[in-house]
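Below you'll find the structure, written out as structure tokens, and then a few comments.
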Amino acid sequence: MNPRIVIFNDTHGWHSEQLCEALSRLGIEAVLTDLAECRIDLDSPTGLSIPGFDDELPAAAMVRGIAPGFLEQITLRMDVLHTLAELGVPVFNPASAIEHTVDKARTSLRLHLAGLTTPRTWACENSAMATKIVESELTAGRPLVMKPLFGCQGKGVVLIESLPQFHQQQPMGEAFYLQQYIAPETAGAWQDWRLLVIDGEVCAAMSRRSSHWITNYAQGASCFATPVSDEMRSLALAATEAVNADYAGVDLIRDADGRFTVLEVNSVPAWKGLYQATGADIAGSLAIAIDQRIRTALTSHAV
């Protein structure tokens with residue numbers, strides 16, 4: 001009987017279709033559902049109820065997205081991921097990686113404590129404290145980027161160049177996340193790099209170029225295949241390891257001195273822009289990684 005896995009996302013589309021096709025080629029069936037549709041049920045032998053699996057457990061679980069929600073809702077969803085892993089189900093990415101990356105402040109801390117180059121960052125709840133940080137940086141001629149702690153695709157990101165501009169912003173969830181603005185090497189030509197890491201290997205990379213300082217593909221940036229230097233590869237692999245991820249999209253930027261720094265690490269990365277830029281079979285690589293985990297789990301259960 002072919003193994004059956006679950007793919008979690010709140011909205012299934014192109015990425016899920018790509019994964020289902022790639023997994024099918026390996027003889028693996030994928031069931032698409034949402035973590036919000038799962039429940040803890042102690043009447044079940046496993047204590048979990050996952051749509052499409054009755055009283056069984058999936059052979060593996062892949063996390064492609066987690067919908068926004070209240071703290072209690074997110075906690076329940078993470079409970080499901082933690083419990084699956086505790087029951088011996090390979091979870092790709094594990095709950096710890098999600099926890100390290102869904103919160104940008106946590107990511108910044110993990111990168112900093114791992115000794116990796118990342119922009120200077122401040123995060124706090126106190127508005128007076130945030131104002132003091134902004135005043136100090138702007139007085140020194142250093143603009144800041146203000147981001148929501150939980151966010152993606154460049155949404156809600158603001159460049160702070162004056163104190164009145166800062167005061168006009170309403171921080172999401174009353175939490176201030178402020179980051180050093182990295183000016184482009186060439187004025188007016190913004191560019192960064194996205195490297196996709198799977199199981200300790202860079203499987204695809206692209207540069208994103210824009211006439212605007214926000215260079216996300218979802219915000220209209222143009223994507224191009226790019227070579228990967230040893231410095232870029234080393235940073236991407238170390239950043240992925242720092243957040244305990246099996247696979248991750250690592251965003252790098254290069255400063256005016258030509259040095260790379262890690263901007264962000266995404267543990268549920270989209271890859272449509274990467275696919276269009278490089279033609280790399282990213283879904284196929286992810287399917288192979290999942291297949292290997294299923295085989296390893298079967299071997300360990302048989303021992």
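Bear in mind these aren't lab numbers, they're just calculated from the coordinates by the rules spelled out. What you are looking at is a predicted structure, and each value in this text was computed from that prediction instead of being measured. All Cβ positions, even for glycine, are placed from backbone atoms using ideal geometry, and neighbour counts span all protein chains on display.
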Exercise. Please quote Rg/Rh for the chain to two decimal places, taking the Kirkwood radius as Rh and restricting both calculations to Cα atoms.
Key: 0.99
Quiz item: Just Ser222, Ser267, Ser44 to compare: in a GNM of the chain, with alpha carbon springs under 10 Å, which one fluctuates most?
Solution: Ser44
Quiz item: Size of segment 121-180 along its principal axes in angstrom, Cα-based, largest extent first?
Solution: 29, 21, 20
Quiz prompt | Asp43 paired with Ser162, simple spin-label distance in nm, labels 7 Å along Cα-to-beta-carbon | solution = 6.3
Self-check item: Proximal charge balance of His100 [Cβ under 10 Å; K/R count +1, D/E count -1]
Solution: 0
Practice problem: Rank the residues Phe224, Phe70, Phe92 as a footprinting-exposure proxy: fewest other Cβ atoms within 10 Å of their Cβ go first. | Solution: Phe70, Phe224, Phe92
Practice problem: Just need the relative contact order of segment 185-270 here, percent rounded to a whole number, with Cα pairs under 8 Å and 6+ apart. | Solution: 30
Quiz item: Taking neighbour counts of Cβ atoms within 10 Å as a proxy for exposure, in what order, fewest first, do His212, His15 appear?
Solution: His212, His15
Quiz prompt | In order through segment 110-125: 3J(HN,Hα) via Karplus (6.51 cos²θ - 1.76 cosθ + 1.60), integer Hz, x for Gly, Pro | solution = 4, 5, 4, 5, 7, x, 8, 6, 8, x, 4, 9, 9, 9, 7, 9
Quiz item: Antiparallel DSSP bridges in segment 1-129: what percent, to the nearest 5?
Solution: 15
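So if each residue of separation counts as 0.36 nm, and I subtract the Cα-Cα distance between Glu185 and Asp103, what length gain in nm does that give?
Residue separation times 0.36 nm, minus the Cα-Cα distance, leaves 26.7 nm.
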Practice problem: Estimate the FRET efficiency between Asp281 and Ala140 by the formula 1/(1 + (r/R0)^6), using the beta-carbon distance for r and 45 Å for R0, to the nearest 0.05. | Solution: 0.45
Quiz item: For segment 185-270, what does the equivalent ellipsoid look like in terms of its semi-axes, each the square root of 5 times an eigenvalue of the Cα gyration tensor, given largest first in whole Å?
Solution: 21, 14, 11
Practice problem: Work out from phi, with θ = phi - 60° and the Karplus expression 6.51 cos²θ - 1.76 cosθ + 1.60, the ³J(HN,Hα) of each residue of segment 83-91, listed in order in whole Hz, and give x for Gly and Pro. | Solution: 5, 4, 5, 5, 8, x, 8, x, 10
Quiz prompt | Over the chain, relative contact order from alpha-carbon pairs under 8 Å, at least 6 apart, % | solution = 18
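For segment 1-57, run through the GluC sites (Glu not before Pro) and keep only the ones in DSSP coil with at most 11 other Cβ atoms within 10 Å of their Cβ.
Listed in order of number, the matching sites amount to none.
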Quiz item: Hey, fewest Cβ within 10 Å first, where do Tyr247, Tyr275 land in order?
Solution: Tyr275, Tyr247
Quiz item: By how many nm would the segment from Ser222 to Thr299 grow when fully extended, if each residue of separation counts as 0.36 nm and the alpha-carbon distance is taken off?
Solution: 23.3 nm
Quiz item: Taking only C-alpha pairs under 8 Å that are 6+ residues apart, what is the relative contact order of segment 121-180 in percent?
Solution: 51
